[in-house]
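This report refers to the structure that appears directly beneath it.
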Amino acid sequence: MKSALPTEPMLFLKPASSLIATGQRIVLPPQSSDVHHEVELVAIMGTRARRVERARALDHVAGLAVGLDMTARDIQQRAKDQGHPWSVAKGFDTFAPLGPIVPFDSVPQPLEMDVVLEVNGSVRQQGHTSDMIFRLDELVSYISHIFTLEPGDLIYTGTPEGVRSVQDGDRLVARAGTLPPLEVTVSRDRQ
């Protein structure tokens, strides 16, 4: 994202209404003309985690999935320029597509996997979890020292380079290691 490397993870929250599953569609809101995709590994919390040390953090993770963190970049930039939070830019309905969840203990090498996003059959993003700025155990521990993580909470972990805009009619396929893919389409809100 052409930003300086952070010393701490950047956190934001999305409402439950932003979640969609594979086979559904991302709806581009009329308030934005520049929505971007961000493919990410997603951790699903299985047990309550409060002030958890890094060495025990993964004990609280129940499953993994691949997901997309959709962002209305123009709205986010306006918020950044004014020093405001990014909730609106990240929180539109359908802005958190989530692939099928696989139990953590059944994922071979759960912290060593390629993460890829194809848009209309062309690779747009490709990275590896070993390149993450903050590893999953570090993220769980860090977050749990700020607010308590509850069973079912989702942690979208960060995205590799290649973030770009999506357009009406795009087909997105996200993959992470051996996890089942996430397949969604994009359409303009036609209210």
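Could you give me the residue pairs with C-beta distances under 6 Å whose first residue belongs to the stretch 171-184 and is over 12 Å from Ala21 (Cα atoms) and of a type in the set (S, T, N, Q), whose second residue is at pLDDT 95 or above and surrounded by fewer than 17 Cβ atoms within 10 Å (Cβ to Cβ) wherever it lies, and which are 6+ apart or on separate chains? As it stands, the answer is none, since no pair meets every condition given.
There is at least one residue in the stretch 37-55 that is in a helix (DSSP H, G or I) and either in contact with a strand residue (DSSP E or B) (Cβ under 9 Å, 6 or more places away or on another chain) or within 19 Å of Ile155 (Cα to Cα) (or both). Checking each residue in the stretch 150-170 for being β-branched (Val, Ile, Thr) and assigned to a strand (DSSP E or B) picks out only Ile155. One residue stands out in the stretch 128-160 among those that are among the acidic types (Asp, Glu) and touching a residue at least 40 places away in the same chain (Cβ under 8 Å): the one that is surrounded by the most Cβ atoms within 10 Å (Cβ to Cβ), namely Asp137.
Residues considered: Ile26, Ile75. Of these, the only one that is part of a helix (DSSP H, G or I) and over 21 Å from Glu112 (Cα atoms) is Ile75.
A single entry from Ser18, Ser33 fulfils the requirement of being within 28 Å of Ser165 (Cβ to Cβ), loosely packed, with under 14 Cβ neighbours inside 10 Å, touching a residue at least 12 places away in the same chain (Cβ under 8 Å) and hydroxyl-bearing (Ser, Thr, Tyr): Ser33. Does the stretch 139-168 hold any residues that are under 16 Å from the mean Cα position of the chain (by Cα), of a type in the set (D, E, K, R) and at pLDDT 95 or above, and which are they? Asp153, Arg164 - these are the residues of the stretch 139-168 that are under 16 Å from the mean Cα position of the chain (by Cα), of a type in the set (D, E, K, R) and at pLDDT 95 or above. Taken over the stretch 71-98, residues that are closer than 22 Å to Gly177 by Cβ and either more than 20 Å from the chain's Cα centre (by Cα) or among the aliphatic types (A, V, I, L, M) (or both) amount to 2. Selection over the stretch 10-53 of residues that are over 30 Å from Gly169 (Cα atoms) and touching a Gly at 6+ places or on another chain (Cβ under 8 Å) gives a count of 2. So, Gln125, is that one within 26 Å of Asp93 (Cβ to Cβ), touching a residue at least 12 places away in the same chain (Cβ under 8 Å) and in a loop (DSSP other than H, G, I, E, B) or not? Answer is no for this residue.
Among the residues of the stretch 78-112, those that are touching a Lys or Arg at 6+ places or on another chain (Cβ under 9 Å), surrounded by fewer than 21 Cβ atoms within 10 Å (Cβ to Cβ) and part of a loop (DSSP other than H, G, I, E, B) comprise His84, Trp86, Leu111.
The values are calculated or read from the model by the stated rules, or taken from the named source; none is laboratory data. Remember, it's a predicted structure, so these values are computed and weren't measured experimentally. So basically every Cβ, Gly included, is an ideal-geometry build from the backbone, and we count neighbours across all protein chains shown.
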